[in-house]
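The values are calculated or read from the model by the stated rules, or taken from the named source; none is laboratory data. Since the structure is predicted, the reported quantities are computational estimates derived from the model, not experimental observations. So basically every Cβ, Gly included, is an ideal-geometry build from the backbone, and we count neighbours across all protein chains shown. SASA here: full protein model, heavy atoms, side chains in, ligands and nucleic acids out. Shrake-Rupley method; radii C 1.70, N 1.55, O 1.52, S 1.80 Å.
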Amino acid sequence: MEKMMDTKQLAAPWIIMHIPHSSRIIPVDVRPQFIVDDSVLNAELDILTDHYTDELFTIDNPSVANLKFPVSRFVVDPERFDNDSQEPMAKQGQGVIYTHRTNLKPLRDPISEAQRTALLDQYYRPHHQQLETYVNDALSVHGKALIIDGHSFPSNPLAVDLNQTGLRPDICLGTDSFHTSQALIEECSELFSNAGFSVEVNSPYTGTMVPLKYYGVDDRVNSILIEVNRRVYLKNEPVDLTRTANFDIIKKLIYQLIRENK
């Protein structure tokens with residue numbers, strides 16, 4: 001008798017929408033670690049949260065898995081290396097666990113190694129394990145995986161930004177020399193530029209998310225970072241976070257990108 005294939009495998013998505021910075025949630029047990037008052041913390045959240053990217057990049061399609069980080073990047077940042085010696089932003093006080101604000105002033109009391117481990121174990125490692133699982137399942141079933149790393153960025157450089165002089169286009173595409181195909185770069189560039197948006201590659205931000213298990217060793221994993229300038233879809237960030245008509249336009253373009261790759 002022919003062996004039946006698992007229906008879960010048949011339905012395994014091969015596109016992963018990775019949404020790491022959309023949450024404003026600071027768990028009540030983590031809040032005491034921060035030395036700033038609520039007004040300062042909320043102002044920092046206004047500045048550094050990727051507002052509404054969970055809506056922009058969440059796609060309802062059987063080809064797609066949506067992976068949203070459940071808490072704010074101020075708790076733990078899943079886009080950072082967990083070893084500060086490997087993470088450039090750690091020198092700015094914004095490694096995997098932020099110690100400083102966007103203006104480089106202190107944000108958090110020093111935490112113990114036990115507290116650090118607890119935060120990584122509760123939030124960071126499960127998130128990365130889920131991403132790795134999605135990629136593993138996609139490769140097992142489809143022989144390919146595509147990660148869309150969905151972000152937004154402020155219209156002006158922050159004091160904490162490593163790049164203070166780069167262009168601030170409407171759309172920044174972050175790439176990896178091994179995991180981002182030229183065809184994908186061209187497709188994304190044309191998609192947004194044809195809609196009238198300015199596009200730059202690796203300016204002002206570079207790189208894209210790939211699970212370490214596959215990084216640099218498996219080119220079946222294709223990945224690209226899409227950063228949307230907040231001036232494009234917010235009325236007056238970070239003062240007025242009201243969405244403009246461009247929000248729906250950008251969302252439709254992201255849907256179009258998925259339709260063309262499903």
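At pLDDT 95 or above and on the phi < 0 side of the Ramachandran plot: does that describe Pro13?
yes
Out of all the residues in the range 42-72, which are without any contact (Cβ under 8 Å) to a residue 60 or more places away in the chain and either among the small types (Gly, Ala, Ser) or farther than 19 Å from Asp240 by Cβ (or both)?
Asp54, Thr58, Asp60, Pro62, Asn66, Lys68, Phe69, Pro70, Val71, Ser72, listed by residue number.
Looking at the range 33-72, which of its residues are touching a helix residue (DSSP H, G or I) at 6+ places or on another chain (Cβ under 8 Å), charged (D, E, K, R) and over 29 Å from Thr99 (Cβ atoms)?
Glu55
Just need a number here: residues in the range 54-85 that are among the β-branched types (Val, Ile, Thr) and over 21 Å from Pro126 (Cα atoms).
Selection size over the range 54-85: 1.
How many residues, within the range 179-219, are in contact with a Phe, Trp or Tyr (Cβ under 8 Å, 6 or more places away or on another chain) and open to solvent by less than 30 Å² (accessible area, probe 1.4 Å)?
Qualifying residue count for the region: 2.
Could you check the range 221-262 and list, in sequence order, the residues that are in contact with a strand residue (DSSP E or B) (Cβ under 7 Å, 6 or more places away or on another chain), of a type outside the set (Val, Ile, Thr), part of a helix (DSSP H, G or I) and crowded, with 18+ Cβ neighbours inside 10 Å?
Arg230, Tyr233
Being in a helix (DSSP H, G or I) and open to solvent by 30 Å² or more (accessible area, probe 1.4 Å) is the filter; apply it to the range 54-81 and report the residue that is nearest to Leu139 (Cα to Cα).
Top of the filtered list is Asp54.
Kindly check whether there is at least one residue in the range 32-53 that is polar (S, T, N, Q), open to solvent by less than 40 Å² (accessible area, probe 1.4 Å) and assigned to a helix (DSSP H, G or I).
Within the range 32-53, one or more residues are polar (S, T, N, Q), open to solvent by less than 40 Å² (accessible area, probe 1.4 Å) and assigned to a helix (DSSP H, G or I).
So which residues in the range 156-178 are of a type outside the set (A, V, I, L, M, F, W, C), in contact with an Asp or Glu (Cβ under 7 Å, 6 or more places away or on another chain) and in a loop (DSSP other than H, G, I, E, B), if there are any at all?
Answer for the range 156-178, where residues must be of a type outside the set (A, V, I, L, M, F, W, C), in contact with an Asp or Glu (Cβ under 7 Å, 6 or more places away or on another chain) and in a loop (DSSP other than H, G, I, E, B): just Pro169.
Test each condition in (1) open to solvent by less than 50 Å² (accessible area, probe 1.4 Å); (2) under 14 Å from Tyr205 (Cβ atoms); (3) more than 17 Å from the chain's Cα centre (by Cα); (4) not hydroxyl-bearing (Ser, Thr, Tyr) for Gly150 and report the one that comes out false.
For Gly150, the failing item is (3).
Is it the case that Ser22 is outside any helix (DSSP H, G or I), out of contact with any strand residue (DSSP E or B) (no Cβ under 7 Å at 6 or more places or on another chain), small (Gly, Ala, Ser) and modelled with pLDDT of 95 or more?
No, not satisfied.
Condition first: among the polar types (S, T, N, Q), modelled with pLDDT of 95 or more and more than 22 Å from Thr208 (Cβ to Cβ). Can you find one or more residues in the range 72-86 that meet it?
no
Mind checking which residues of the range 83-116 are loosely packed, with under 13 Cβ neighbours inside 10 Å and either in contact (Cβ under 8 Å) with a residue 60 or more places away in the chain or assigned to a helix (DSSP H, G or I) (or both)?
Selection gives Ser85, Gln86, Pro88, Lys91, Asp109, Glu113, Ala114.
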